[in-house]
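Heads up: the structure comes next, in structure tokens.
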Amino acid sequence: MNVLSLFDGMSCGQIALKQLGIIPEKYYASEIDKHAIKQTQLNFPNTIQLGDVTRVDVSRLEPIDLLIGGSPCQSFSFAGKRVGMSTVDKEEIYTLDRYLGLKEEGFQFEGESYLFWEYMRILTDIRKYNPNVLFLLENVEMGKKWERVLSEAIGVYGVHINSALVSAQNRRRIYWTNIRTKRNGLFGELHSDIPQPEDKGILLKDILEDEVDEKYFLSDKALSGIINHKKRHMEKESGFGAQFPTVKSNALLARCYKDGKENLVCSPRGNNTGGVFGETLRNIIQINPVSGSGGKQSYQQDRIYDVNGISPALCRGGGGMSPNIAVGLIRRLTPTECARLQTIPSWYKWECSDTQQYRMLGNGWTVDVIVHILSFMKEKMNIN
């Protein structure tokens, strides 16, 4: 089979195929980040790199059997501005034809989420010679309006899957695919019919390394700054002095921080398991709560979490904290731990900086979710 992967990144799709024992005859990848391309070629040297998605011409490729990709999500995300797909002049784009017209006229587009229409342009071109091409598109959970726009454009309603079922990370995503479908509702709308993966019960503590280099730990000065910032904020918000909201947590944040201290997790040096530490990590401390939120923030940024739980979604910068400040020392999650959150297999080789690894992992897929979805392709294509 021939595969075309758009927004390929570090090639999580190719990792998933390899995990399933499927080696494509041709694997075309559209990616522009030089670090991600280098990682892909290191692990999959036969990958055919095509560059910018806006310049991909499928007529020059071998016939495509499977199209995959996760188009940029920032303009859809509940953690972002949620402007959806629009021009810089704020015209919202609801159809492929309108997008292509605006593109031809030289209009500029807001953010990068509009690149969904490039996925649709390419899928439409492939369908001209292969109406039965299989496809998989991934994006964040979004408002119902834009989810419907994407679903109607691609021709199938997506399935919502949380990576927490297969990993130690809360990462809720929508997956549109025709690999397995069914018709639902009064009007018989086509829906992706991928069953939910079995819950593996993996917790954050299950993916932490036993020995961690000193460079990943925050200094006392940095930790004091975090706590003092929290105290000042709570005093300002409440008028009654510092009040640390505490709840039982099931998550550790994975996000980039403005001070560069991304991937934060609390643990004693060199030992992440057992004893009083394992029993007392119960506090959430939110560093920068939204005004009026009562110490609770929808998007989970700037929090410290319990290791006996599930991590929120990795972002491009990596990150997160987990915590009892009185017991442990706060440190960044290591690149290896972030890779485990994304269920990247141990055979995948890395030759890049920590910063680039965090970024690629945050942009990437939870591999075991993709493995689960693509496993149903074997039935449809009669692959052993």
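The values are calculated or read from the model by the stated rules, or taken from the named source; none is laboratory data. Note that the structure is predicted; figures quoted are calculated from it, not measured. Cβ sites come from the backbone with ideal geometry, for glycine too, and all protein chains shown count toward neighbours.
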Considering only helices (runs of 4 or more DSSP H) fully contained in region 1-112, which possess at least 1 residues that are closer than 21 Å to W146 by Cβ and either assigned by TED's automatic domain parsing to the domain that holds F135 or in contact with a helix residue (DSSP H, G or I) (Cβ under 6 Å, 6 or more places away or on another chain) (or both)? 96-104
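Residue check: is E112 at pLDDT below 95 and under 22 Å from L67 (Cα atoms)? Step through it out loud before you land on a result.
Values: at pLDDT below 95: yes; under 22 Å from L67 (Cα atoms): yes.
Taking the combined requirement at face value, the residue satisfies it.
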Taking the stated definitions as given, is G13 touching a Leu at 6+ places or on another chain (Cβ under 9 Å), surrounded by 16 or more Cβ atoms within 10 Å (Cβ to Cβ) and at pLDDT 95 or above? yes
Criterion (aliphatic (A, V, I, L, M) and either modelled with pLDDT under 95 or closer than 27 Å to K378 by Cα (or both)) met by exactly one of I32, I48: I48
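Taking into account only those residues within region 25-47 that are touching a residue at least 12 places away in the same chain (Cβ under 8 Å) and surrounded by fewer than 12 Cβ atoms within 10 Å (Cβ to Cβ), which is farthest from N363 (Cα to Cα)? Show your work before the answer.
Step one: filter region 25-47 for residues touching a residue at least 12 places away in the same chain (Cβ under 8 Å), giving 25-33, 35-40, 42-44, 46-47.
Next, only the ones that are surrounded by fewer than 12 Cβ atoms within 10 Å (Cβ to Cβ) stay: 25, 46.
Details: E25: 26, N46: 22 Å.
Selected residue: E25.
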Which one of E189, E152 is surrounded by fewer than 17 Cβ atoms within 10 Å (Cβ to Cβ) and at pLDDT 95 or above? E152
